[in-house]
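The values are calculated or read from the model by the stated rules, or taken from the named source; none is laboratory data. Here the structure is a predicted model, which means the values were calculated and not measured. Methodologically, a virtual Cβ is constructed for each residue, glycine included, from the backbone with ideal geometry; neighbour enumeration extends over all protein chains shown. Each accessible area value is taken on the protein alone, full model and side chains, heavy atoms only, with ligands, DNA and RNA left out. Shrake-Rupley method; radii C 1.70, N 1.55, O 1.52, S 1.80 Å.
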Amino acid sequence: GSMDAPLRMTEAEPRSSLQLTRRAPALKASPLTSDTLIPTEAAPIPSPYSGYLQFIDVARMKEAIKKTEARIYIHTAPGQFLLTGQPVAYATGLTEKQLKAVQNSLTIGQHRTFEQDATYGLLVLSEIASRALSPGINDPGTAIDVITRQERLLWNWARTDEATIEPKCPQIFVPELSRNEMIQSAFSSTARDGAGTIEVVCRLLHALRALQDTPDPALAKAAAEMCVTARQYAEEALPLKSEKETMRHAHDAPRLG
């Protein structure tokens with residue numbers, strides 16, 4: 001009945017996809033950031049199917065537009081749900097044949113997958129914690145174990161240097177990994193479902209405070225915001241005044257570093 005083995009197997013999935021974002025930033029394309037200017041004449045590339053964007057084949061896309069001045073701006077990250085006809089990207093300079101080739105470079109399916117979807121594994125781990133906290137199971141120990149694993153994954157990710165390589169596909173732009181989505185996927189359901197269990201609350205606040213000291217400013221900011229949310233949930237859910245005081249002391253304790 002031990003949960004250690006399945007948790008280790010599940011933890012390996014986000015570790016692998018998170019490492020990919022460090023080894024191959026923006027999937028070796030140019031990063032699409034808030035500073036990227038998409039030309040006003042860029043035409044939408046519609047999703048050919050409804051489903052989750054599972055995989056972006058950047059190399060195949062690059063081959064489709066080689067020796068041209070085309071530019072492709074993919075604003076949809078792997079893991080996002082699309083409806084048929086919704087824009088998955090915008091592009092300039094594409095022929096009809098190239099448009100079809102770009103669409104064929106996108107794998108869209110009925111379920112999220114781990115390979116390029118770095119937040120999916122974090123979400124799956126958090127769902128394990130939520131199930132453990134359900135009244136029928138009532139296993140806060142497993143939820144605390146999940147929090148520890150999530151904390152370690154995000155801490156190690158933030159402290160791993162991103163590969164400093166020139167984009168191999170500079171004409172293609174891919175969105176950066178959202179730090180807010182990482183924190184939300186990892187901890188939001190645990191903050192809600194564990195709000196009435198003081199052991200879970202204190203461990204969660206400890207993890208979120210530690211993550212505020214990572215060298216990634218956007219991740220630290222997202223962790224700080226989730227810390228506030230977790231405390232608000234706990235203030236409403238903890239039944240005893242003494243437990244609320246314990247939670248406040250955990251929240252107000254000095255941060256690491």
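At-a-glance table
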quantity: Space enclosed by the convex hull of the alpha-carbon atoms of the range 133-179, per residue, Å³; calculated: 111
quantity: Unit Cα scatterers, Debye sum, the range 66-167: log10 I(q)/I(0) for q = 0.16, 0.17 Å⁻¹; calculated: -0.91, -0.96
quantity: Nearest-20 debye value, the chain charge dipole, Cβ charges on Lys, Arg, Asp, Glu; calculated: 500
quantity: For the range 149-257, alpha-carbon Rg relative to the globular expectation (2.2 N^0.38 Å, N residues); calculated: 1.25
quantity: Accessible surface, per residue, of the chain when the full set of protein chains is kept, probe 1.4 Å, Å²; calculated: 51
quantity: The range 1-90 - convex hull of alpha carbons, volume per residue in Å³; calculated: 140
quantity: Dimensions in Å of the chain - Rg and Dmax from alpha carbons; calculated: 20.7, 69
quantity: Label-point separation in nm, residue 20 to residue 37, each point 7 Å along Cα→Cβ; calculated: 3.3
quantity: Carbon + sulfur, % of accessible area of the chain - ligands and nucleic acids excluded, 1.4 Å; calculated: 52
quantity: Distance from the range 190-254 to the range 48-113 (C-alpha centre basis), Å; calculated: 39
quantity: Ellipsoid semi-axes in whole angstrom, largest first, where each is sqrt(5λ) of the Cα gyration tensor of the range 197-257; calculated: 22, 11, 8
quantity: Sequence ranges 76-86, 125-135, ranked by mean other-Cβ count within 10 angstrom, highest first; calculated: 125-135, 76-86
quantity: Added length on full extension, which subtracts the Cα-Cα distance from 0.36 nm per residue, residue 152 to residue 4; calculated: 51.7 nm
quantity: Contour excess over end-to-end distance, with Cα ends at residue 139 and residue 163 and 0.36 nm allotted per residue; calculated: 4.7 nm
quantity: Antiparallel DSSP beta bridges within the chain, percent to nearest 5; calculated: 70
